[in-house]
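> Starting off with a structure, shown below.
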């Protein structure tokens with residue numbers, strides 16, 4: 001029995017690869033866009049302007065306080081009611097981006113706030129404008145505390161792409177879901193799905209840990 | 001848009017939502033206990049010096065952390081029947097949640113234990129306490145105080161993760177919203193109400209976590 | 001050059017600057033001293049609006065710093081500020097630290113800025129460290145780089161906020177020597193410090209502050225040898241007996 005299942009599974013392998021490609025596409029797009037938006041919002045959030053902070057804090061709390069599944073449902077099922085028709089792929093990238101931006105915003109803002117005030121004062125005193133201060137003095141230094149949690153967030157988002165399978169996108173998880181209807185060996189099928197995710201995610205997890213140790217030794221380093 | 005928001009139907013469906021909420025609540029509590037168990041066991045295994053014992057723990061933690069919860073859920077949901085293990089959807093869900101959260105809990109506990117100054121462990125060992133005694137009297141009490149906020153955070157994650165159980169037909173909070181969307185054709189009312197419930201849980205847990213942290217700081221200032 | 005007219009500042013309920021009236025002329029070297037919490041750091045930080053004042057007027061080279069409509073970049077470009085904690089940018093080399101502002105604020109060409117930068121580093125005695133990073137330098141070296149960074153904008157005024165307080169004793173002199181040379185070259189300087197030797201050598205006036213007020217102002221010799229106020233006498237007796 002297992003022999004036949006294994007054989008069928010290997011036959012389906014191309015479909016898994018196709019699904020993996022969809023997963024990679026969705027991941028890459030949403031990772032990129034949420035990084036751009038997250039950095040932008042995070043820099044703004046670090047200014048601690050009262051009115052902006054209230055809005056951004058509400059946004060972050062809503063995203064952090066509700067399951068991603070519910071967020072996808074809202075984007076996919078409710079936007080059409082407001083006249084915005086999006087296909088599954090765009091909905092997936094959109095909801096993942098909205099989700100990721102909230103977290104990355106916090107990571108970036110948190111990183112910036114670890115930079116000692118004296119750096120800002122020195123930059124201000126020499127006449128640099130706020131955008132110049134951010135670009136040349138603050139953000140380059142903030143990258144150090146930002147990078148490890150950022151990579152960690154990337155891993156979380158790649159895993160969350162599995163949830164987009166519920167709106168019909170044929171990613172790796174959905175291919176597994178289809179396959180298991182034909183080959184009722186859940187362990188084999190989702191074992192394979194797991195391995196495919198593992199191959200993408202584990203290197204990133206390892207890299208994030210590596211970054212963390214690398215960057216913390218540099219700090220205590222020279223002098 | 002809010003004008004067309006059908007509050008009356010939400011009111012009608014409230015029993016359903018509350019039923020779903022109740023299920024979400026006890027599922028998460030049971031899963032949290034399971035996660036704590038898994039977490040403590042795998043953490044202790046991992047911190048033991050012996051490769052034979054620590055390796056399975058490390059493998060478990062890394063596999064969980066590098067694969068999506070949904071894939072793990074489907075793994076058990078579709079895989080267990082094949083092995084002749086007949087669990088209900090709810091039981092399967094709780095098991096998957098426990099195993100998943102357990103891995104992250106193990107890391108949280110490990111971070112808490114590692115944060116205890118080494119000098120204390122050395123003093124404890126020097127005074128002749130066994131591993132079990134060191135754990136019980138020195139390590140765990142201190143690790144717990146630091147760990148509680150992180151654990152509350154993990155509880156928040158668990159509540160959000162439990163939403164995935166809707167996909168294997170468990171009747172919890174998200175499924176209640178889903179049914180309102182599919183049976184009453186009111187996705188907005190359904191999912192926004194669901195979201196609102198989750199937000200309430202989130203803010204309550206967040207508040208509890210902040211209160212605990214304040215209490216910790218108060219204690220340390222003695 | 002710098003004028004304080006009835007300046008007041010509060011930090012919440014704390015009245016940190018009380019009715020400050022002060023005039024600093026061009027090429028004058030003023031030393032401000034006083035116990036901690038007296039408001040002396042706050043006072044010079046108001047000059048380039050690192051802190052803002054709540055009442056009164058503050059003019060730098062005729063420009064009203066207290067006016068919200070004033071373009072602060074113009075003011076700050078003419079003032080070099082040296083911090084107690086140096087505040088060098090750790091991710092840039094020494095030379096990059098010095099040339100950043102001239103290139104970005106004065107829109108100088110990078111090569112020209114580098115040239116000026118190296119000249120300034122020679123002047124403070126560290127041009128051989130131009131390509132090193134701040135973390136590789138001692139405290140005294142870092143502070144000298146900070147002075148060069150302040151001078152790079154070719155400012156009219158240099159402000160020093162306890163420049164040697166964070167240094168190990170053996171490095172204090174190398175920094176003071178640079179500052180003394182600057183004073184002799186005619187720079188307008190306001191220095192918050194406890195280094196009274198510096199005040200005696202190049203100071204034109206010494207200002208004693210206590211609890212937010214200017215208690216006494218006098219040329220160094222009068223100040224140290226014939227001070228008028230009791231509080232001043234008390235303070236001097238505390239710091240000069242070691």
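The values are calculated or read from the model by the stated rules, or taken from the named source; none is laboratory data. Everything quoted here is computed from the prediction, not taken from an experiment. Cβ sites come from the backbone with ideal geometry, for glycine too, and all protein chains shown count toward neighbours.
> All but one of (1) part of a helix (DSSP H, G or I); (2) loosely packed, with under 14 Cβ neighbours inside 10 Å; (3) at pLDDT 90 or above hold for residue C:154; which doesn't?
(1)
> Hey, another quick one. Please note which strands (runs of 3 or more DSSP E) are completely contained in segment C:173-242 and include at least 2 residues that are closer than 28 Å to residue C:154 by Cα, touching a helix residue (DSSP H, G or I) at 6+ places or on another chain (Cβ under 9 Å) and modelled with pLDDT of 90 or more.
C:188-192, C:205-210
> Given segment B:64-169, what helices (runs of 4 or more DSSP H) lie entirely inside it while holding 2 or more residues that are over 25 Å from residue B:54 (Cβ atoms) and more than 14 Å from chain A (Cβ to nearest Cβ)?
Per the criteria, B:89-114, B:140-161.
> A further question on this structure: Select from segment B:193-203 the residues that are facing chain A (nearest Cβ under 7 Å) and more than 18 Å from the chain's Cα centre (by Cα) and list them in ascending order.
Answer for segment B:193-203, where residues must be facing chain A (nearest Cβ under 7 Å) and more than 18 Å from the chain's Cα centre (by Cα): B:194, B:195.
> While we're on this one: Name every residue in segment C:73-85 that is facing another protein chain (nearest Cβ under 8 Å) and in a loop (DSSP other than H, G, I, E, B), in order of residue number.
Of everything in segment C:73-85, those that are facing another protein chain (nearest Cβ under 8 Å) and in a loop (DSSP other than H, G, I, E, B) turn out to be C:83, C:85.
Residue by residue, here is whether (1) within 14 Å of chain B (Cβ to nearest Cβ); (2) under 23 Å from residue B:163 (Cα atoms); (3) at pLDDT 95 or above; (4) not in a loop (DSSP other than H, G, I, E, B) holds:
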| site | (1), (2), (3), (4) |
| --- | --- |
| A:75 | yes, yes, no, yes |
| A:79 | yes, yes, no, yes |
| A:89 | no, yes, no, yes |
| A:92 | yes, yes, no, yes |
| A:98 | yes, yes, yes, yes |
| A:101 | no, yes, yes, yes |
| A:106 | yes, no, yes, yes |
| A:119 | no, no, yes, yes |
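> Looking at the structure I just gave you, is residue B:49 part of a loop (DSSP other than H, G, I, E, B), more than 14 Å from chain A (Cβ to nearest Cβ) and out of contact with any strand residue (DSSP E or B) (no Cβ under 9 Å at 6 or more places or on another chain)?
It is true that residue B:49 is part of a loop (DSSP other than H, G, I, E, B), more than 14 Å from chain A (Cβ to nearest Cβ) and out of contact with any strand residue (DSSP E or B) (no Cβ under 9 Å at 6 or more places or on another chain).
> Among the residues that make up segment A:54-72, is at least one of them assigned to a helix (DSSP H, G or I), more than 14 Å from chain B (Cβ to nearest Cβ), surrounded by fewer than 15 Cβ atoms within 10 Å (Cβ to Cβ) and within 23 Å of the chain's Cα centre (by Cα)?
The answer is yes; a qualifying residue exists.
> Sticking with this structure for a sec: Being under 17 Å from residue C:218 (Cα atoms) and crowded, with 22+ Cβ neighbours inside 10 Å is the filter; apply it to segment C:5-49 and report the residue that is farthest from the chain's Cα centre (by Cα).
Selected residue: C:20.
> Still on this structure: Provide a single number: the residues in segment C:71-86 that are over 22 Å from residue C:175 (Cα atoms) and touching a strand residue (DSSP E or B) at 6+ places or on another chain (Cβ under 6 Å).
Result for segment C:71-86: 1.
> I need the full set of residues from segment C:72-94 which are under 21 Å from the mean Cα position of the chain (by Cα) and free of Cβ contacts under 8 Å to residues at least 60 places away in the same chain, in order please.
C:72, C:73, C:74, C:75, C:76, C:87, C:89, C:94
> Are any of the residues in segment A:45-53 closer than 22 Å to residue A:156 by Cα and away from chain B (no Cβ under 14 Å)?
No, there is no match, as no residue in segment A:45-53 is closer than 22 Å to residue A:156 by Cα and away from chain B (no Cβ under 14 Å).
> Would you pick out the residues in segment B:170-192 that are more than 10 Å from chain A (Cβ to nearest Cβ), modelled with pLDDT of 90 or more and either on the phi > 0 side of the Ramachandran plot or assigned to a helix (DSSP H, G or I) (or both)?
Passing the criteria: only B:175.
> Let me ask another. Look at segment C:86-118 and say how many of its residues are in a helix (DSSP H, G or I) and farther than 17 Å from residue C:129 by Cα.
Result for segment C:86-118: 7.
Every residue, every condition in (1) modelled with pLDDT of 85 or more; (2) within 9 Å of another protein chain (Cβ to nearest Cβ); (3) within 20 Å of residue A:11 (Cβ to Cβ); (4) assigned to a helix (DSSP H, G or I), yes or no:
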{"position": "A:166", "(1), (2), (3), (4)": "yes, yes, no, yes"}
{"position": "A:175", "(1), (2), (3), (4)": "yes, no, yes, yes"}
{"position": "A:184", "(1), (2), (3), (4)": "no, yes, yes, no"}
{"position": "A:190", "(1), (2), (3), (4)": "yes, yes, yes, yes"}
{"position": "A:197", "(1), (2), (3), (4)": "yes, yes, no, yes"}
{"position": "A:213", "(1), (2), (3), (4)": "no, no, no, yes"}
{"position": "A:218", "(1), (2), (3), (4)": "no, no, no, yes"}
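Matching residues to (1) under 18 Å from residue C:35 (Cα atoms); (2) surrounded by 21 or more Cβ atoms within 10 Å (Cβ to Cβ); (3) touching a strand residue (DSSP E or B) at 6+ places or on another chain (Cβ under 7 Å):
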position: C:191; (1), (2), (3): yes, yes, yes
position: C:214; (1), (2), (3): yes, yes, yes
position: C:225; (1), (2), (3): no, no, no
position: C:240; (1), (2), (3): yes, no, no
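> Looking only at residues that are buried (at least 21 other Cβ atoms within 10 Å of the Cβ) and free of Cβ contacts under 8 Å to residues at least 24 places away in the same chain in segment A:130-171, which one is farthest from residue C:83 (Cα to Cα)?
The qualifying residue farthest from residue C:83 (Cα to Cα) is A:165.
> Determine whether residue A:127 is without any contact (Cβ under 8 Å) to a residue 12 or more places away in the chain and either in contact with a helix residue (DSSP H, G or I) (Cβ under 9 Å, 6 or more places away or on another chain) or at the interface with chain C (Cβ under 7 Å from one of its Cβ atoms) (or both). Lay out the reasoning, then the answer.
Numbers: without any contact (Cβ under 8 Å) to a residue 12 or more places away in the chain: yes; either in contact with a helix residue (DSSP H, G or I) (Cβ under 9 Å, 6 or more places away or on another chain) or at the interface with chain C (Cβ under 7 Å from one of its Cβ atoms) (or both): yes.
Answer is yes for this residue.
> If you don't mind, another one. Go through segment C:56-69 and give me each residue that's more than 20 Å from the chain's Cα centre (by Cα) and surrounded by 15 or more Cβ atoms within 10 Å (Cβ to Cβ).
Scanning segment C:56-69 gives a single hit, C:56.
Yes/no per residue for (1) free of Cβ contacts under 8 Å to residues at least 60 places away in the same chain; (2) under 23 Å from residue B:102 (Cα atoms); (3) surrounded by fewer than 18 Cβ atoms within 10 Å (Cβ to Cβ):
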residue: B:144; (1), (2), (3): yes, yes, yes
residue: B:173; (1), (2), (3): no, yes, no
residue: B:187; (1), (2), (3): yes, no, no
residue: B:197; (1), (2), (3): no, no, no
residue: B:200; (1), (2), (3): yes, no, yes
residue: B:212; (1), (2), (3): no, yes, yes
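> Now, a different point. Please go through segment C:77-95 and pick out each residue that is farther than 18 Å from residue C:139 by Cα and surrounded by fewer than 24 Cβ atoms within 10 Å (Cβ to Cβ).
C:77, C:78
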